[in-house]
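Written out below as structure tokens is the structure these notes cover.
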Amino acid sequence: MTHRRWIADEVSGNHAALTGAHAEHLVRVLRARVGQEFDIATGSVVRRGRVTSLADHRIEFELGEEVPAAKTANVTLLLAVFKFDRMEWAIEKCTELGVSRIVPVIARRTDAHLVSAAMKRVERWRRIALHAAEQSRRSVPPEIVAPMKLKDATGLPGELRIVLAESETQTHLRGVLASHPVGVKTLLAVGPEGGWAEDELQIFEEAGWLSASLGSTVLRAETAAIAATVITTSEVA
């Protein structure tokens, strides 16, 4: 039997709890009851959890046996900030697909009003990622950091750093990944609507990033992020 998975807000020994809106959803929407069992992710492991007490804003579990959990691919997604509704959809889907970290990046073609509002969206993005992680039975959600300027983001360390570029016509993403060992720490940069500007691609090149393409079709930013994540996580996991 497959149990619904939840990522604990509090863990102490053989006990865990969900709190706040996290708990309220389980109580009010899913009608949890005392004695019911769920898989509870505690950060390092996933364990079977039996509900021991219920309140509107708190559910407590007694933790039992450890449950097998899939490993998360060591992939950081640098995602240029674009229209929030579509960006949030990309965050949700890339979380489900297994990225370990998401770095929002302020790009030249990021609309000015999105730049000023992006910092206020971080907590919302983290909630979206948490719910997507639970839905897809991950043990932990991806880390989502505060938006970064491009020059700072290109300095992030990684064994394999790839920027998707529409101007790249010779090298496909899958080919770059295939030439590196499985499990390598990978950073993947996806641009905004309209792609990265030429001077931004120059910044990537000077920082040692490799350019790659998803093919000849022109994709929306969220489609490119999801397609690239599928390819990357399948190759490096």
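Only the coordinates and a few stated rules stand behind these numbers; no lab work does. Predicted model only: the values in this text are computed from it and were never measured. Reconstructed Cβ throughout: ideal geometry from the backbone, glycine too, with neighbour counts over all protein chains shown.
Worth pointing out:
- Here the dipole of the range 37-89 is about 260 debye; that uses its Cα centre as origin and unit charges on the Cβ of Lys and Arg (positive) and Asp and Glu (negative).
- Highest-fluctuation residue, Val122, Val105, Val218 considered, GNM on the chain with Cα pairs under 10 Å: Val218
- Residues whose amide H comes within less than 5 Å of that of Ser211, counting only those at least five positions distant or on another chain, are Val163 (H built at 1.01 Å from N in the peptide plane).
- Under the criterion of Cα pairs below 8 Å and six or more residues apart, the relative contact order for the chain equals 20 percent.
- When the helices of the chain are scored as -39500 (n - 2.57) per DSSP H run of n ≥ 4 and the total is divided over every residue, the value at 222 nm lands at -10000 deg cm²/dmol.
- Helix 221-236 vs. the chain, principal-axis angle (Cα, 0 to 90°, nearest 10): 80
- You can think of it this way: the chain between His25 and Arg86 has 19.5 nm of extra reach, that is 0.36 nm per residue less the Cα-Cα gap.
- Neighbour-count order for Leu18, Leu63, Leu30, fewest beta carbons within 10 angstrom listed first: Leu30, Leu63, Leu18
- Compared with the dominant Cα axis of the chain, that is its longest principal axis, helix 84-97 is turned about 70°.
- The range 1-116 - percent relative contact order, Cα under 8 Å, separation 6 or more: 20
- With Cα atoms, 0 to 90° folded angle of helix 112-135 axis to the chain main axis: 50
- When Met119, Met87 are sorted by how many other C-beta atoms sit within 10 angstrom of their C-beta, beginning with the fewest, the order is Met119, Met87.
- Under 5 Å, built H, 5+ apart or other chain: amide partners of Val103: Leu77, Leu78, Leu79
- When only Cα pairs below 8 angstrom with a gap of at least 6 residues are kept, the range 5-67 shows a relative contact order of 36 percent.
- Beta bridges per DSSP with both ends in the chain, % antiparallel, nearest 5: 45
- The candidate values are (i) 51, 19, 15; (ii) 29, 24, 14; (iii) 37, 19, 14; the one derived from this structure for semi-axes √(5λ) of the Cα gyration tensor in Å carries the label (iii).
- Förster radius 35 Å - calculated FRET efficiency between His131 and Ala178, Cβ distance, rounded to 0.05: 0.60
- By other beta-carbon atoms within 10 Å, ranking Thr171, Thr232 with the fewest at the front produces Thr171, Thr232.
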